1. Let me spell it out: the conditions are (1) within 11 Å of chain A (Cβ to nearest Cβ); (2) surrounded by 20 or more Cβ atoms within 10 Å (Cβ to Cβ); (3) touching a helix residue (DSSP H, G or I) at 6+ places or on another chain (Cβ under 9 Å), and B:Leu35 meets all of them except one. Which number is the exception?
2. Can you tell me how many residues in region A:23-37 are buried (at least 22 other Cβ atoms within 10 Å of the Cβ) and in contact with an Asp or Glu (Cβ under 6 Å, 6 or more places away or on another chain)?
3. Would you be able to say whether some residue in region B:85-100 is among the aromatic types (Phe, Trp, Tyr) and not in a strand (DSSP E or B)?
4. Please state which one of B:Leu11, B:Leu35 is in a strand (DSSP E or B) and touching a residue at least 60 places away in the same chain (Cβ under 8 Å).
5. Out of everything in region B:41-53 that is out of contact with any Cys (no Cβ under 6 Å at 6 or more places or on another chain) and more than 25 Å from B:Asp119 (Cβ to Cβ), what residue ends up being surrounded by the most Cβ atoms within 10 Å (Cβ to Cβ)?
6. What is the one condition in (1) part of a helix (DSSP H, G or I); (2) touching a strand residue (DSSP E or B) at 6+ places or on another chain (Cβ under 8 Å); (3) in contact (Cβ under 8 Å) with a residue 60 or more places away in the chain that A:Leu137 does not satisfy?
7. Would you check if B:Pro73 is assigned to a loop (DSSP other than H, G, I, E, B), surrounded by fewer than 19 Cβ atoms within 10 Å (Cβ to Cβ) and either more than 9 Å from chain A (Cβ to nearest Cβ) or β-branched (Val, Ile, Thr) (or both)?
8. Which condition breaks for A:Phe25 when tested against (1) of a type in the set (Phe, Trp, Tyr); (2) over 25 Å from B:Glu7 (Cα atoms); (3) out of contact with any Lys or Arg (no Cβ under 9 Å at 6 or more places or on another chain)?
Amino acid sequence: MKLILVTGFLGSGKTSLIIRLADLFCKKDRKTVVLVNEIGDIGIDNMVMRKLGLNVWELLNGCVCCSLAGDLVDMLHQLVSDHAPDFVVVEPSGAADPSSVLKALSFYKGPVLDKIAILTILDPLRLHVLMEVMTPLIVSHMKQADCVVIGKSDMATSDEMTFAETTARKYNPSAPVVPFSTVQYFNDAFYKEIKTWTK
Amino acid sequence: MDKMIFEPLALEQMWRRTTKDHDWVPVLLDYLSSLGSLCNERFPSSLVGHIKAMAGFSSGEFIRFSVVSPGLPVGVDGHIPKDCTSLTLTVNVLVYGISRFNLESLNAEALLQVLYRWDPAFSVTALKRLNVLNKNIYDHSNTIMFKEKHNE
């Protein structure tokens, strides 16, 4: 079983990316479960994913990097035992620090995880502002990533894309940086990266 | 540097359309972009994280709206059935630097503005305001910093 953690600030496009990823995994006959954590009493992302036919588990009303860390591990144990998925895709809230989520996952004692991959999505349209106001959180997202995805690539200017790529490479020189948009889906570089996980 | 408060607001609203002369999407776009703009106007130091809204329908269809910045267009996914006369809209307002109390006031103001503009085609009833846990849970004091003193 592989676990993919999709991180990124609020509104950066995590849900859209997960919908495409889960669709891709399902087309490859890989049993996929999505675990969504939303801040708030009502989850909107999970409703959307369910409407699209995905197997979604939700953690509401808190953040998996702090108040719901224990619940994340419990839920992971349960969904692994109920569904034995090939892939678990976890969407922490956009306010979650990925290092704290990883710390929580260290308490997971279920079947061995073949891989934990962290996919971080950046919003190139707001990155300038977020790097000024939310610096530690955004930098933490980038530093922890195995792959940095620059979302909304169909809407961003080339300057915005360049800034996002340069920033990602500055904080995480070893991670591949790939563009993504809901219009163009996965480009070759991104698909190649994903293929290494689906082997 | 000041810490930014973060008090998410979750809402459920029943929207009704009294005439079929108007489409649903423009009025909902108007409401959500007005809310985002009001946040920025009244609290210039605030930061819209994500204002998202969704309505689902028995046909299996849904519509989802997403506001990430007052300066950017509102994202829309899905669609509303043609003959729809009422819908329940779930709204999550995730904005840094504005208290839940003030977010509620801004939301009421946005609704009033929009209903006035679209009068008498639409009406709205607040179904419930959902409390989100105590704010300490969201006090990411090590990660959330702010350049200026916020307006509260």
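The values are calculated or read from the model by the stated rules, or taken from the named source; none is laboratory data. Everything quoted here is computed from the prediction, not taken from an experiment. Reconstructed Cβ throughout: ideal geometry from the backbone, glycine too, with neighbour counts over all protein chains shown.
1. (1)
2. Going through region A:23-37 one residue at a time, the tally reaches 1.
3. So far as region B:85-100 goes, no, none of its residues is among the aromatic types (Phe, Trp, Tyr) and not in a strand (DSSP E or B).
4. B:Leu11
5. Ranking the qualifying residues of region B:41-53, first place goes to B:Gly49.
6. (2)
7. No: the conditions fail for B:Pro73.
8. (3)
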